1. Which numbered condition in (1) in contact with a Phe, Trp or Tyr (Cβ under 8 Å, 6 or more places away or on another chain); (2) modelled with pLDDT of 75 or more; (3) exposed (fewer than 13 other Cβ atoms within 10 Å of the Cβ) is the only one that L35 fails?
2. Among the residues of segment 12-35, is any β-branched (V, I, T) and within 30 Å of G93 (Cβ to Cβ)?
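The values are calculated or read from the model by the stated rules, or taken from the named source; none is laboratory data. From a predicted model like this one, the values you see are computed outputs, not experimental measurements. Ideal geometry is used to build each Cβ from the backbone, glycine not excepted, and the neighbour counts take in all protein chains shown.
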Amino acid sequence: MNKKFNHLVSIGFTVVSHDAKGEDFTPEMLKAALLKRINTLNDSEWLEAVEPPMDSYGYTIIPEHEPYGEGNGWDDCTDAEATQWCIWTEGQGGERIEAFDSRVLAEAYLEDMI
């Protein structure tokens, strides 16, 4: 399985309003303006329009309960030994994303992520 990473990026777009500070923005105005920007970009403009990642993290698959103690059983743990296989974000304060009954199902979920 190939390693997967999640990247926070942004794209600039303009919003027309009646307030100099934009304090009259509504969700509908923002959505319409963003969709207009997205729909007017051609394929060659996307990499220029999107800012470089502001934050990135990887994903890791680990068993819910390691049979050999904390930090000792991730690589060699089998489906029979683990109660669940969980996808976690990597790094300090990692977050559990999803749990599966087998490592194969967890890997398939990651492969299908966009």
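1. (1)
2. Of all residues in segment 12-35, those β-branched (V, I, T) come to 14-16, 26.
Narrowing further to those that are within 30 Å of G93 (Cβ to Cβ): none.
Checking segment 12-35: not a single residue is β-branched (V, I, T) and within 30 Å of G93 (Cβ to Cβ).
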